[in-house]
């Protein structure tokens, strides 16, 4: 029976379209999954989207969409990009799936019942983009230590997980499993920065927003997004907290490796193992925290319009070439750099000049000298042994690098085989052998050795470029070699016939033309975005209502007594409004771009006073100020013309 291998990516946060740096991870995991399948493993490869949390709720509100509509759109786009890049996943999980949500709610209740979770009050600094809480001492220059963005003070009732209860057990696991976290630099960071100083209890619920999985026993709380998201690795396999799990869970858990970015290693190597310990489940065997793929020439910026997206790169270079370059440009432990110029150069130097040229020359000579028939005539010379040794040793080096996640180094091994084969052509000079009829067997042997070398190296390369490699095998009239046979030279069948007129694998690219093409693409994108931002969207006409419907809305004249900006919210003002009642009404409004607090104080406004209260940025808003909006999106507060006293009814 085949050995199992369960590999996952971190599920992508469904807040927008993934850029090329985000796409790197899915391609890396796919390459590793394909490698393990070719080794004979029974592979289960899972990816998906992380969809709950305050950030998505706020972005949905800004887009004029419900959170579910917002994540539906973005999850579909992420899946489209993953499919475009040839990701051969077995499961694409979404954290808004009913089965997942049900199990998260059950897991939370189980932790409550066991005493691992308790209720308290949280007071500290919160980073919305990272969905992370920080103490004052953990901040860097007053900002989030993970992403460098602004943090806000949060104080609310919350549930906490007793992390310290499991700290010693986690450290013991680290000691007994020295390869649990790779590279080793990530492990040192976890131990020195988090475990040795002492683990603090973790806030695992929120009450200031509601886009999340509600706590069953206390529905005003939603489950902290990281407890929700991390558990996808077991719920996606059919884990049941209070019942019999699906056979897939029993078969594939624990995970063999979680592939994650270095910025979220902490969540996967501290929080996640502790959650699993509390559930009584085995821990994952390994977590690989890869570095970041950065854009050459500066940070990718949507405002600058220079973000590199996978589908744009595919339009220019093709899927397999982009997959190859993503893997080749990323070192094992350091950040990689990608840019249009680097990709163009890499394709020209390695794919066109080395790989493509080798295949083209070899097939052309087989057709020219032997009518396309490949034959091993056994006319060996010492130089052949050198080629065979280089090719025969390649798989051991390749597989060792792949198993250590040194994927760029594994590619170097393959390219070295192609380079050695090109050198072999120069050493044997087939065109010279062809001039001597007595050298026919020697010529046939040389071409056979070249074809066999290409088959072996291309069989390894297939994990990276499945479509292009299939083209090569079709050109050579054969199929991919089993990995178990890659250390054996001479398995290509005598009489194999190569393609008569094979298409070129890779054209050499003109850097100037690529630059012009990319500049045009960015210009068109920026113009399109500019047009979108300056044109107010056409709003559909609302359905007719009766006078009875209108009568349900209570509108009163109010006078703004006090007004101030909402901290950490550039668009919001908080007003205290006299609407003729015993107390002032608190109303939060998104008008800070058009009115200062000083301009609002003393202003008479129209307030919807029977609107259901809602919490905005931690402030309970008890109504709505009516505003008019023009075609440019500019707002103007609606004010009564005369001196109507506060509390006057608008009808």
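Across the range 1-73 the C-alpha pair distances fall into 5 Å bins from zero in the proportions 3, 16, 20, 15, 14, 11, 9, 6, 4, 2, 0 percent. Between residue 651 and residue 491, the simple spin-label model (points 7 angstrom out along Cα→Cβ) gives 8.9 nm.
Annotation: extensible slack from residue 68 through residue 564 equals 175.4 nm (criterion: 0.36 nm per residue apart, minus Cα-Cα distance). The angle between the Cα long axis of helix 167-176 and the main principal axis of the chain comes to about 0°, on a 0 to 90 degree scale. Taking the square roots of 5 times each eigenvalue of the Cα gyration tensor of the range 154-313, largest first, gives ellipsoid semi-axes of 28, 23, 19 Å.
Computed from Cα positions, the angle between helix 511-534 and the longest principal axis of the chain comes to roughly 20 degrees. Panel values: the range 311-410, Kirkwood radius from alpha carbon pairs, Stokes-Einstein at 20 °C and 1.002 mPa s, translational diffusion coefficient 130 µm²/s. Take every pair of alpha-carbon atoms less than 8 Å apart whose residues are at least six positions apart; their mean separation over the length of the range 339-497 yields a relative contact order of 32 percent.
Cα convex hull, the range 549-637: 103 Å³ per residue, rounded to a whole number.
Its Cα gyration tensor gives the range 248-402 an equivalent ellipsoid, and the semi-axes of that ellipsoid, as √(5λ) in whole Å with the largest first, are 41, 27, 14.
Annotation: average projected area of the range 374-453 is 5.2 square nanometres, based on the convex hull of Cα atoms across all directions.
Only helical runs count toward this figure. For the chain, summing -39,500 (n - 2.57) over DSSP H runs of n ≥ 4 and dividing by all residues gives -12000 deg cm²/dmol at 222 nm. Averaging the sequence gap over all C-alpha pairs within less than 8 Å and six or more residues apart, then dividing by the number of residues, gives the chain a relative contact order of 11 percent.
The length gained by stretching the chain between residue 315 and residue 91 to full extension, at 0.36 nm per residue less their Cα-Cα distance, is 78.0 nm. For the range 339-497, the spread of Cα coordinates along the three principal axes comes to 49, 34, 27 Å, biggest extent given first. Note on the chain: antiparallel DSSP beta bridges, both residues inside, total approximately 65 percent of the bridges counted. Here the label points at residue 527 and residue 165, each 7 Å from Cα along the C-beta direction, are separated by 6.2 nm in the simple model.
Computed packing ranks the peptides 375-384, 129-138 as 129-138, 375-384, most packed first, by mean other Cβ atoms within 10 Å.
Axis of helix 407-428 versus longest Cα principal axis of the chain: the two differ by about 30°, to the nearest ten degrees. With R₀ fixed at 22 Å, the C-beta to C-beta distance from residue 121 to residue 195 puts the FRET efficiency at about 0.30.
Relative to one another, the C-alpha centroids of the range 592-651 and the range 311-387 are positioned 65 Å apart. Between residue 383 and residue 102, the modelled labels are 6.9 nm apart [label points 7 Å from Cα along Cα→Cβ]. How much of the pair distance distribution for the range 105-159 lies past 18 Å, counting alpha-carbon pairs only, in percent? Tail of P(r) above 18 Å: 45 percent of Cα pairs. From the alpha carbon centroid of the range 34-50 to that of the range 238-259 is 15 Å. An ellipsoid equivalent to the chain, defined through the eigenvalues of its Cα gyration tensor, has semi-axes of 59, 31, 20 Å when rounded to whole angstrom and sorted largest first.
Readers should treat all values here as calculations from the given coordinates under stated rules, not as data from a laboratory. Model, not experiment: these values are computed from the prediction. Cβ atoms come from the backbone with ideal geometry, glycine included; neighbour counts cover every protein chain shown.
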